[in-house]
1. Among (1) surrounded by fewer than 18 Cβ atoms within 10 Å (Cβ to Cβ); (2) without any contact (Cβ under 8 Å) to a residue 60 or more places away in the chain, there is one condition Y109 misses while meeting the rest; what is its number?
2. Would you confirm whether or not the range 202-224 contains a residue that is at pLDDT 85 or above and either out of contact with any strand residue (DSSP E or B) (no Cβ under 9 Å at 6 or more places or on another chain) or among the small types (G, A, S) (or both)?
3. For the range 142-154, state whether one or more residues are in contact (Cβ under 8 Å) with a residue 12 or more places away in the chain, open to solvent by less than 10 Å² (accessible area, probe 1.4 Å) and more than 18 Å from M171 (Cα to Cα).
4. Go through the range 91-138 and count every residue that is of a type outside the set (D, E, K, R), more than 22 Å from G35 (Cα to Cα) and not in a helix (DSSP H, G or I).
5. Of all the residues that make up the range 51-84, how many are within 25 Å of A132 (Cα to Cα) and either touching a Phe, Trp or Tyr at 6+ places or on another chain (Cβ under 6 Å) or open to solvent by less than 20 Å² (accessible area, probe 1.4 Å) (or both)?
6. Scanning for something touching a residue at least 40 places away in the same chain (Cβ under 8 Å), farther than 17 Å from R174 by Cα and part of a helix (DSSP H, G or I), does the range 56-68 turn up at least one residue?
7. Report, by residue number, each residue of the range 167-182 that is touching a Leu at 6+ places or on another chain (Cβ under 9 Å) and either surrounded by fewer than 17 Cβ atoms within 10 Å (Cβ to Cβ) or part of a loop (DSSP other than H, G, I, E, B) (or both).
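The values are calculated or read from the model by the stated rules, or taken from the named source; none is laboratory data. Only a predicted model underlies this, so the values are computations on that prediction, with no experimental measurement involved. Reconstructed Cβ throughout: ideal geometry from the backbone, glycine too, with neighbour counts over all protein chains shown. These area figures cover heavy atoms from the full protein model, side chains too; ligands, DNA and RNA do not enter into them. Shrake-Rupley method; radii C 1.70, N 1.55, O 1.52, S 1.80 Å.
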Amino acid sequence: MDGRDRYALFDAERHRADVRRFALSARMPEALARGEFVVEYQPLVRLCDQRMVGVEALVRWQLPSGRRLGPDEFVPLAEQTGLIVPLGRAVLTEACRAAAGWAAADPDYPLLLSVNLAARQVREPDIVTEIARILAETGWHPELLQLELTESDLMGTSGESLGALRALAAMGVRIAIDDFGTGYSNLAYLRHLPVHTLKLAGTFVTGAQLRDGLLAAPPGEAADEADNRVVAAVIQLAGVLGLSVTAESVETDAQLERLRQLGCDTGQGWYFARAVPSDEVPALLHCPPWLSGAPAAGR
């Protein structure tokens, strides 16, 4: 097949990984039907006063064996197989229902609900109607819903997909660019996108930089200062465009203070809390461990 005078080596580790991915892909439809995918919520915190103003919904796969898979292990498979569409619909429905429950129990503290949206979902012809239906059925408010797309997904949207995002924005839904700074931003294009928030990639927050294709820690103060200037430039750009900025992967007091001094609007990360089940969100809202001095998970 590849011609004569050739040889191939069998990679046992790669073969096992391929078999595992195939097995996970085959189990996904049944897992979705059985309710194995669970949604947890990580706080979005306003940095000027450290008040919790929202949550991001994060999906996990709870296997019957007890093992829990993170989204990086199954979301790419779901996108390849097309299951990301029903999975995304289920996550959005559950998250909106949970948020409506929090608001009903405590109407004085409405929270912004941020949910990831895959490019495959945006390309669905009925995406706007579907999201409007979910909002109507759950009673959640469009102006308190934020949909996150990665930078590469958003920059690659077609005319139809861009029209869908504009229709969602016209409904009051907020649009955020996730992991901003890791792709190839076209600033001229960014001016015309229906975007409300830039979510700054965690590598800028933690001080890590990409060098020669590898993620490495910066060597010292000069690199730290360079990172500060990048973050400051993004925040300034966002201000010019009328956008807010959320910093991801906030893990230390020093990072929090640096972001606050640079004028970043909100942050999320293990400094504040890991993602928690829906019934634990009210406790984070009223007794935030990052203000009480109690050790937050992951800190």
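1. Failed condition: (2).
2. Here is the first cut: in the range 202-224, the residues at pLDDT 85 or above are 202.
Going one step further and asking which of them are either out of contact with any strand residue (DSSP E or B) (no Cβ under 9 Å at 6 or more places or on another chain) or among the small types (G, A, S) (or both), we end up with 202.
There is at least one residue in the range 202-224 that is at pLDDT 85 or above and either out of contact with any strand residue (DSSP E or B) (no Cβ under 9 Å at 6 or more places or on another chain) or among the small types (G, A, S) (or both).
3. Checking the range 142-154: at least one residue is in contact (Cβ under 8 Å) with a residue 12 or more places away in the chain, open to solvent by less than 10 Å² (accessible area, probe 1.4 Å) and more than 18 Å from M171 (Cα to Cα).
4. Of the residues in the range 91-138, 6 are of a type outside the set (D, E, K, R), more than 22 Å from G35 (Cα to Cα) and not in a helix (DSSP H, G or I).
5. Total satisfying the criteria: 8.
6. no
7. M171, G172, V173, G181, T182
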